[in-house]
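The structure under discussion appears below in the form of structure tokens.
The values are calculated or read from the model by the stated rules, or taken from the named source; none is laboratory data. On a predicted model such as this, the values are computed, not experimentally measured, just so you know. Cβ atoms come from the backbone with ideal geometry, glycine included; neighbour counts cover every protein chain shown. These accessible areas exclude ligands, DNA and RNA; they are computed on the full protein's heavy atoms, side chains included. Shrake-Rupley method; radii C 1.70, N 1.55, O 1.52, S 1.80 Å.
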Amino acid sequence: MPFVLSGSRLSRRLRRPGSLGLVLLLLTWLAACTPTTQDRDPTESIASQEVDPSLTFDNVTLEQVGEDGALLWVVHAERVTYSGDRQVAQLENPSGQLYRDGEPIYDIEARSGILEQENQRIFLEDEVVVIETRNQVVVRGDKMNWNPQGDRLEIQDNVTATHDTAHLQGQQMIFLSDTQHLQVIGEVLANLTEPSLQLGTEELLWQIPEKLVIGEFPVQVARYEWTLESPEIDSGIDSGIDAERSNPPEPTGESENSNNSDNSEDSDNADEAQDTPPPEPRDLQAVTVTDRATAESIEVNLETQVARLQENARLALVDPAVDVVSHRLDWDLQAEQLTSEVPLRVSHREKQVVLSGNRGWMNLLEQVFYLQDGIELLGEENQAQLTANELTWFMLSESFEARGNVVYRQVDPLLQLSGPRANGKLEEETFVVSGGDVVTEVQVDSQL
């Protein structure tokens with residue numbers, strides 16, 4: 001189908017009295033009769049396209065209709081110049097809408113562009129802006145390629161995406177129009193609003209209607225909190241997890257941001273911080289990083305605020321100073337809970353205590369860890385070992401409760417106790433084994 005032009009006027013070279021209608025009719029006839037051209041490389045520079053300056057129009061609106069009669073696009077340009085074969089139109093400052101099944105789904109604009117009539121393809125370049133209108137996702141980049149024959153809209157080079165729930169950046173982004181998914185490829189950084197996470201990886205898939213962010217490549221995660229009084233951001237400073245992408249998280253007892261504000265700020269400042277959008281990618285100067293994690297893959301549910309870390313998952317918490325390692329961790333950031341249905345290991349970096357079990361549940365807010373099946377507790381100082389079927393560790397009180405086939409062993413001094421139940425308080429160095437009418441209490445010389 002030929003281009004449909006409206007609101008256009010010829011450049012001075014063609015503007016002669018009585019000739020406008022004849023020229024437009026001739027253009028339409030030539031476009032219909034010209035043989036199909038070879039597909040052009042979408043990465044080819046727009047400036048290199050051969051055009052005929054005598055075929056120039058100002059203030060043009062172009063409409064393209066598919067074979068089924070459905071509208072494909074409506075694009076306005078300040079100036080349009082056609083190629084000699086009348087199959088390609090070069091655009092200056094184009095803007096308009098792209099359609100799918102007769103409905104507008106993208107608003108577009110750029111500094112320059114190419115329309116290919118026979119191939120039904122649009123290529124934009126320089127300060128490209130694409131708005132996915134169904135979900136109000138705004139993507140910016142240097143190049144855009146759209147072919148309505150498929151369902152992919154591609155944006156390349158210096159690409160960022162902005163939404164109420166996330167800021168993303170990468171080398172390439174692909175909108176999958178039918179599923180309303182956004183694929184982000186190449187040196188990906190994503191800042192999520194709720195939960196407040198930054199993800200660094202090589203590829204992410206954002207399933208927008210399902211409110212899922214999925215990564216199948218190794219990922220580094222930083223959990224952040226807004227500081228109420230943030231210093232001015234220096235865009236030349238790389239911060240966050242991108243600075244040490246290849247290294248595992250290094251837990252510390254201090255905040256990543258030395259300019260942390262006083263928590264006693266008034267409620268007005270708190271409300272202002274709450275309304276502030278998430279930080280731009282690469283920018284964690286305005287926030288305090290609280291926890292870090294790594295894994296081979298990740299799935300973040302933006303609605304439930306649960307992040308699932310899978311395969312070689314490691315979570316390094318700041319408070320409590322604990323590392324959790326497993327092949328699958330479900331991190332509920334809203335409820336402050338951690339769950340694993342597969343074997344896991346919990347290490348307290350300060351108390352030098354290591355717990356392991358076949359599955360477990362942790363209340364991070366109350367600092368209570370509950371492990372089941374195949375429990376082993378190890379204390380490094382006196383080479384102590386406790387095994388049981390179930391164990392609850394109350395970290396704040398340094399006490400524990402063990403149930404089922406409890407066995408306690410230590411090397412210095414040499415000691416072994418067993419019973420159906422046991423409890424102890426690490427701070428008071430007390431260990432009690434009980435069962436039936438028998439209760440045995442042993443004073444332990446050093447902590448587990």
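Structure notes:
- Taking 0.36 nm per residue of sequence separation and removing the Cα-Cα distance, the residue 135/residue 312 pair yields an extension gain of 60.3 nm.
- Gyration tensor verdict on region 322-407 (Cα atoms; rounded if a/c is under 1.5, prolate if a/b is larger than b/c, oblate otherwise): prolate
- Share of carbon and sulfur in the accessible area of region 288-430 stands at 43%, probe radius 1.4 Å.
- FRET efficiency, residue 52 to residue 157 (Cβ-Cβ, R0 25 Å, nearest 0.05): 0.30
- Of all accessible heavy-atom area on region 137-190, the percent that carbon and sulfur account for (1.4 Å): 39
- Solvent exposure of region 138-227 as accessible area per residue, Å², 1.4 Å probe: 36
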